[in-house]
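This report refers to the structure that appears directly beneath it.
The values are calculated or read from the model by the stated rules, or taken from the named source; none is laboratory data. What you see is a predicted model, and the numbers here were worked out from it, not measured in a lab. Here the Cβ positions follow ideal geometry from the backbone for every residue, glycine too, while neighbour counts run over all protein chains shown. Ligands, DNA and RNA are stripped out before the accessible areas are found, and what is left, the full protein with its side chains, is counted by its heavy atoms. Shrake-Rupley method; radii C 1.70, N 1.55, O 1.52, S 1.80 Å.
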Amino acid sequence: MDLVNERGGKSGWQRLVAALLSAPRALRDDLWTVARDPLPRRGWLGWLPHAHAVLFAVLLLWLNLEDYGPGREAWELVPLLTVLQSAAVVLALSRPVPAWWLSTLTLFLIAELVEADRAFEHWPWNTAGIALHTLVLFLLALRVPPRIAAEALGITLLTGVVNLALATDVHNGVLTQWGVFSFATAVVVGVSLRMSRVARTRLVEQQVLTAEERARRTLLEERNRIARELHDVVAHHMSVISIQAQVAPHLVQDPSDELKENLAGIRENAVEALTELRRVLGVLRSEDARADGVRHAPQPTLDRLDELVGNVRGAGLTVTTETTGRPRPLSPGVELSAFRIVQEALSNAMRHAPGARVQVEIGYGSQELSIRVANTAPDAPVPPSPGAGHGLLGMRERAAMLGGHLATGRTPQGGYEVTAILPAPRPAAD
C-alpha cells in the first residue's frame, strides 16, 4: 500500500514539475504576439464605442500630466510614459496584447521613477493610471480566451508586487488595493461579455446548421415521396410489358421458336426488373404508414384537374382555369408531376392567400408543357408558416427530375406566381 502511495505521490510531483516547466512556454505562446484583433463594431452604435475610448484616453492623459507634470528632475521621462500609457488604450482597439504589454510596462516604470519622491502620495499607481490600465485589461478580456486574460491579470499584479518589493519607503496602500479590485473587475466583466458573445455566435451557428439539416431532411422526404409515386408508375408499365410479352405468342399464328424465346426473355427481364424495383423501393413504402392504404390507388394525371379545382373551390377559393394548345397524352412522369405541381400551388394559395383569386393556366407546346398558377393578394395578413415546408422543394424537385425548371415569386400586385416548364416533346406521329 505504501508503495502504491509512494508511486502515486511521485507521479503527482512529476506532473506538477512538468506543469511548472511548461508554464513559461504557455505564457509565451499566449502573450508573446503582435497579432491584430480589431474591436468589432457594435450594431447600431457603430464606431461610437471606439470614439469614446479615444476620448477617455485623451482626458486621462491630461489628468496624468497634471499629476506627473514637469518640475522634478527625477520625473523627466514620466510625461513621455504617460503619453504612451494613453496610447496603449488606442492601440488596444486593434492589437490588445501588445497594448497590454505597453500599458503594464509604463505602469511599472512610472512607479519606479516616482517612488523616491516622498511628496508623491499616489503610489505605485495613480488614479488615471489605474483607470487607463483597467480599460486596457477590459479591451483585452473582450477578445482573448479567459485563460489569457487571467494570465495578463496575474502578470499585472506581479509587476505591482515587484514595485512594492523594490520600494525604499512605506507608502499608502489604499490606492493599490483599489487598483487590484478594478483590474480584477475589468477582467471578470470582459471575460463574461466575451463568453456571452461566443455563446450567442455558437447559438446562431447551431440554428443555421439546424435549418440546413431541416431543409436537407425535408428535401430527402420529398424525394422519397416522389420516388414512391414514380415506383407505382414504373411498376405499372413493367407489369404491362410482362403481360404483353406473355400474351403476344398467342396472337401470332404459328410463332417461331425464336420469337417465343425472345418474348419469354422480355417477360423474364420485365418480371425480374419489377421484383428488384419493388424490393428496393419497398423500403420507402414501409416508412410511410399512409402509403399502405393507397398502394393500389392510381396515380393522378391532368385528366383529374377539374376534380382538383372543384375541391379547391369547395374550400372557398375562387379558381379559374385556362388551357392553351391541343391537349394530348403525355408520359406518366410528366402527367404526375404536372398534377402535383398544380395541386401544391393551389394548396399554398389556400394556406397563404385566403380570399384571393387564383388563375391556373396549362399550355401544351410542341416540345414542352407550361404550367402557371398565380393568385392575387390575400384579403388579410397571414402569419408565416412555422418550419420548412415541402411545397416549393417538392415542385422544384419534380421539375428538375424531368429536366425542366420552375420559377416562383411575388407579383407586382402583391400576389404570388408559380411557373413550371416541363419537357414534353410531341410524338413523331403527330
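When 149, 92, 116, 131 are checked against the criterion of being modelled with pLDDT under 90 and either touching an Asp or Glu at 6+ places or on another chain (Cβ under 9 Å) or of a type in the set (Gly, Ala, Ser) (or both), a single residue qualifies: 116. Counting only residues that are in a loop (DSSP other than H, G, I, E, B), open to solvent by less than 100 Å² (accessible area, probe 1.4 Å) and either closer than 15 Å to residue 137 by Cα or at pLDDT 80 or above (or both), the stretch 29-57 holds 5 of them. Do we find that residue 340 is at pLDDT below 90, in contact with a strand residue (DSSP E or B) (Cβ under 7 Å, 6 or more places away or on another chain) and under 22 Å from residue 215 (Cα atoms) in this structure? In short, no. Take the stretch 326-343 and flag every residue that is open to solvent by 40 Å² or more (accessible area, probe 1.4 Å) and under 34 Å from the mean Cα position of the chain (by Cα). Those that are open to solvent by 40 Å² or more (accessible area, probe 1.4 Å) and under 34 Å from the mean Cα position of the chain (by Cα): 340, 343. Any residue that is at pLDDT below 85, open to solvent by less than 60 Å² (accessible area, probe 1.4 Å) and touching a helix residue (DSSP H, G or I) at 6+ places or on another chain (Cβ under 8 Å) - is there at least one of those in the stretch 348-355? The answer is no; no qualifying residue exists.
Number of residues in the stretch 396-419 that are in contact with a helix residue (DSSP H, G or I) (Cβ under 8 Å, 6 or more places away or on another chain), closer than 17 Å to residue 348 by Cβ and not hydroxyl-bearing (Ser, Thr, Tyr): the value is 5. In the stretch 222-251, the residues that are closer than 27 Å to residue 391 by Cβ reach residues that are modelled with pLDDT of 70 or more and open to solvent by 70 Å² or more (accessible area, probe 1.4 Å) with C-beta atoms within less than 7 angstrom, at least six apart or across chains, in these pairs: 226/401. Can you find a residue in the stretch 237-259 that is at pLDDT below 65, in a helix (DSSP H, G or I), under 45 Å from the mean Cα position of the chain (by Cα) and under 30 Å from residue 343 (Cβ atoms)? No: zero hits.
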